[in-house]
Structures are given as structure tokens and as C-alpha cells.
Amino acid sequence: MNAPARALHDTPRSDWTREEIAALFALPFPELVFRAASAHRAHFDPAQVQISQLLSIKTGGCPEDCGYCSQSVHNKTGLKASKLMEVEAVLADARAAKASGVSRFCMGAAWRNPKDKDLDTVCAMVEGVKALGMETCVTLGMLTGDQATRLKQAGLDYYNHNLDTSPEYYRHIISTRSYEDRLDTLANVRGAGIAVCCGGIVGMGESAEDRVGLIHALATLPVHPQSVPINALVQIEGTPASLAQPLDPITFVRMIAVARITMPKSVVRLTAGREEMSDETQALCFLAGANSIFTGAKLLTTPNPEASTDQALFARLGLTAMPPEIQDGHG
Ligand code: SAM
Ligand code: DTB
Ligand code: SF4
């Protein structure tokens with residue numbers, strides 16, 4: 001067996017220590033990026049990037065107090081709340097996404113957890129999007145095991161639920177739920193056989209040790225998340241997290257590289273914050289192993305680069321869309 005073929009059959013390590021992860025962050029930048037790029041090539045074609053599109057199906061009015069979020073009722077951000085969208089309106093958006101070459105459609109709701117009646121509607125959305133021939137992803141807050149099973153039966157492929165930061169820093173960012181609550185939902189999602197999309201945010205005033213702690217929490221889950229979104233904080237006026245000093249882009253690239261090395265078979269998504277990022281920083285992220293983005297001019301409530309801007313960037317970098325059948329390196 002050649003090296004890449006052998007690597008495909010290896011189970012990635014889940015026994016990373018914080019010391020090992022801190023040592024990766026401390027590597028000279030060229031060495032870190034080289035190691036990340038090597039890990040990337042062992043499992044993926046580095047010229048291919050998975051492309052997802054987001055839609056906020058229920059915006060604002062969220063009872064949780066996440067210190068970074070425009071949608072929390074605890075933050076005075078001026079965002080107008082709206083009710084859960086109609087199924088047909090969601091499917092119209094999904095059809096347009098499909099026509100523009102998107103392979104995964106992600107639907108986000110500003111809930112602490114879904115009510116069973118609302119879950120019926122979300123299941124109908126999942127069934128409809130699936131019927132269009134796209135992969136499906138939702139992010140709805142905390143889930144019970146039964147709710148996860150219902151989503152799986154509706155055809156859900158991925159559930160996004162982020163750990164956001166280190167266990168120690170979490171209570172400085174969110175007080176209305178615990179890290180354990182997050183881990184419980186992730187276990188319910190895994191238990192239902194749904195692929196896990198789980199990552200976090202950097203640039204919220206966390207320490208270097210907190211960034212180590214976030215990667216450690218992700219890379220020591222019982223199974224690595226199949227998708228790992230790394231968000232650069234989008235600073236939103238009226239949120240406590242927006243008062244933090246903006247993060248050095250090189251630190252952001254290091255975060256991507258360490259995620260790639262520690263979770264080599266996962267798709268690592270260069271997620272929020274691209275609107276403020278230079279082409280060069282994004283290119284470094286792709287070099288360091290990022291292989292997924294959100295396309296379209298809006299994330300949930302904040303701007304994202306226009307599709308035409310991303311097309312120009314992909315052309316400059318020689319990147320192409322990853323076909324759906326190889327969208328995780330788990331072999
Ligand atoms: N309410 C659900 C939840 O919290 O799980 C789903 C939606 S929530 C907006 C999804 C994720 O978006 C959060 O976990 C967070 O990581 C990310 N996010 C929210 N606001 C952000 C911001 N201003 N900058 C970067 N990422 C953000
Ligand atoms: C994730 O990790 N990032 C996405 C998605 N999962 C749901 C959301 C980013 C939101 C950025 C802020 C906003 O648009 O409100
Ligand atoms: Fe609500 Fe999710 Fe925003 Fe937190 S991140 S306030 S749970 S929508």
C-alpha cells in the first residue's frame with residue numbers, strides 16, 4: 001500500500017494532549033504550514049474545496065446569551081426577528097443554490113432548542129432539499145436523541161453544533177448553557193448516525209491557551225467531527241465579543257493548520273470572517289488545509305463575499321468545487 005492509501009485506512013488519533021497541540025501552534029510558521037499541507041494531501045485533493053450555502057430559516061429573538069451573536073435577545077444589535085420560514089420559500093432558495101453549483105444546503109435557526117411542532121416543519125424542509133439532490137445540514141440548537149432520530153429519518157446528512165471555544169473560556173462567552181450541554185447534543189447527533197459539523201470561533205478575546213483548548217476538545221471527541229468550521233469572529237455592534245482586539249490573520253491561519261494536522265480526515269471549513277479577509281490570507285488558509293467555504297452574499301445575518309468574488313479567487317488559485325461523493329476523507 002502506498003503512503004496515501006495506507007493513511008486512508010488509519011483511524012485518526014483521538015488522544016491528543018494539550019501539550020502536543022500547543023507545540024504545533026508554536027512551530028515556525030513555514031514548518032507548521034508544511035506539515036498541515038502534507039496532512040491535507042494524504043487524504044484530499046488540495047485543489048478541491050467543498051461548497052455549502054447557508055440560509056437563516058428563523059432569524060433573531062434567541063433566548064441564549066451568546067456574547068458574539070447578533071440574534072440573541074440579550075444583545076442590543078437592532079436585528080429584526082422573524083418567524084420560521086415557509087417550507088416552499090426555503091425550497092425556492094435551495095433550488096437557486098443547486099442551480100449555481102452548491103452541493104450542500106445548510107439551514108440555521110435562532111433557537112435554544114427546537115419545539116417538536118417546529119421540528120415537523122424543519123423535517124419537511126430537509127426532505128424537500130434532499131429530494132433536489134443536495135446534501136442537507138441544519139443547526140437548530142440543542143437536540144434530544146429522539147429529535148436527532150427524526151431528523152435522520154427525514155434525510156439529514158449533517159448537524160452543525162459548535163463548541164465555540166475552550167471549556168474554560170466558554171462561561172465568559174455564554175451563560176445560558178454549558179459545555180456539557182453542547183457535548184450531550186453532539187452525542188445525540190452521533191448516536192442517530194448523522195455526520196457532525198462542529199468547530200468554533202476565534203477572535204473573541206480568548207488566550208492562545210483557549211485556542212489550544214478548543215482544538216483539544218474537538219480532536220479528542222469520540223469520533224472527529226466530519227466537518228470542522230473555523231469562524232473568525234464577525235464583530236457585531238452591540239455584542240460583548242465585538243469589544244475584543246481583532247485577531248492577527250497569521251494566528252487564524254495557524255488555527256486552520258492545527259485543525260488540519262490534528263483532524264486530518266475532516267473537512268475544515270474557512271467559515272465566517274471571509275468578508276474582512278484578504279485574498280492572500282484566504283490563500284494561506286487553503287494552503288494550510290482549509291477545504292470548505294460558504295458561498296453566497298450572506299451568512300446568517302452578516303455579509304459574505306459575493307459568489308462572483310469567490311469565483312475570481314478560485315480562478316486565481318486554481319481551485320475547483322469538490323464533488324459531493326468525496327466530501328469527507330474518512331475513506
Ligand atoms: N442557534 C444555533 C446554535 O447556536 O447552535 C444555531 C445557529 S448559531 C448562529 C451557529 C454558529 O454560528 C454559532 O455556534 C457560532 O459558532 C457561529 N456564529 C454566530 N455568530 C457569529 C459571529 N458573529 N462571528 C462568527 N461566528 C458566529
Ligand atoms: C458555523 O460554524 N458558522 C455559520 C454556520 N456554522 C451556521 C454561521 C456563521 C454566522 C456568522 C454571523 C452571522 O451571519 O450572523
Ligand atoms: Fe442563539 Fe445560536 Fe445566536 Fe447563540 S449562536 S444566540 S444559540 S442563534
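If the condition is being of a type in the set (Val, Ile, Thr), under 19 Å from the mean Cα position of the chain (by Cα) and at pLDDT 95 or above, then the range 70-119 contributes no residue at all. Selection within the range 191-207: residues that are away from ligand 3 (no atom under 16 Å from the Cβ) and assigned to a strand (DSSP E or B). The member of this set that is farthest from the chain's Cα centre (by Cα) is Ala195.
Could you count how many residues in the range 24-73 are of a type in the set (Ser, Thr, Tyr), farther than 30 Å from Thr11 by Cα and open to solvent by less than 30 Å² (accessible area, probe 1.4 Å)?
Residues in the range 24-73 being of a type in the set (Ser, Thr, Tyr), farther than 30 Å from Thr11 by Cα and open to solvent by less than 30 Å² (accessible area, probe 1.4 Å): 4 in total.
Look at the range 110-122: where a residue is under 17 Å from Asp65 (Cα atoms) and in a loop (DSSP other than H, G, I, E, B) and a partner is among the acidic types (Asp, Glu) and open to solvent by less than 40 Å² (accessible area, probe 1.4 Å), sitting 6+ places away or on another chain with Cβ atoms under 9 Å, you get Ala110/Glu64; Trp111/Glu64; Trp111/Asp118; Arg112/Glu64. Entry remark, the range 123-169: residues being in a helix (DSSP H, G or I) and touching a Lys or Arg at 6+ places or on another chain (Cβ under 7 Å) number 1 in total. Of all residues in the range 124-154, which are within 21 Å of the chain's Cα centre (by Cα), more than 15 Å from ligand 1 (Cβ to nearest atom) and either farther than 20 Å from Ser227 by Cβ or open to solvent by 10 Å² or more (accessible area, probe 1.4 Å) (or both)? Passing the criteria: Lys130, Glu135, Lys152.
The set of residues in the range 78-109 being buried (at least 18 other Cβ atoms within 10 Å of the Cβ) and either assigned to a loop (DSSP other than H, G, I, E, B) or in contact with a His (Cβ under 8 Å, 6 or more places away or on another chain) (or both) consists of Leu79, Leu84, Met85, Val102, Ser103. Looking across the range 174-218, the residues that are within 14 Å of ligand 2 (Cβ to nearest atom) and either open to solvent by 30 Å² or more (accessible area, probe 1.4 Å) or closer than 16 Å to Tyr68 by Cα (or both) come down to Gly199, Gly200, Ile201, Val202, Gly203, Met204. Within the option set Ala290, Ala259, Ala219, being out of contact with any strand residue (DSSP E or B) (no Cβ under 7 Å at 6 or more places or on another chain), among the hydrophobic types (A, V, I, L, M, F, W, C) and at negative phi holds for one residue only, Ala219. So Gln245 clears everything in (1) part of a loop (DSSP other than H, G, I, E, B); (2) under 17 Å from Gln53 (Cβ atoms); (3) open to solvent by 60 Å² or more (accessible area, probe 1.4 Å) except one condition, right? Which one? Going through the list (1) part of a loop (DSSP other than H, G, I, E, B); (2) under 17 Å from Gln53 (Cβ atoms); (3) open to solvent by 60 Å² or more (accessible area, probe 1.4 Å), Gln245 breaks only (2).
The values are calculated or read from the model by the stated rules, or taken from the named source; none is laboratory data. Remember, it's a predicted structure, so these values are computed and weren't measured experimentally. Virtual Cβ from ideal backbone geometry, glycine too; neighbours counted across all protein chains shown. Please note that ligands, DNA and RNA were not included when accessible areas were found on the heavy atoms of the full protein model with its side chains. Shrake-Rupley method; radii C 1.70, N 1.55, O 1.52, S 1.80 Å.
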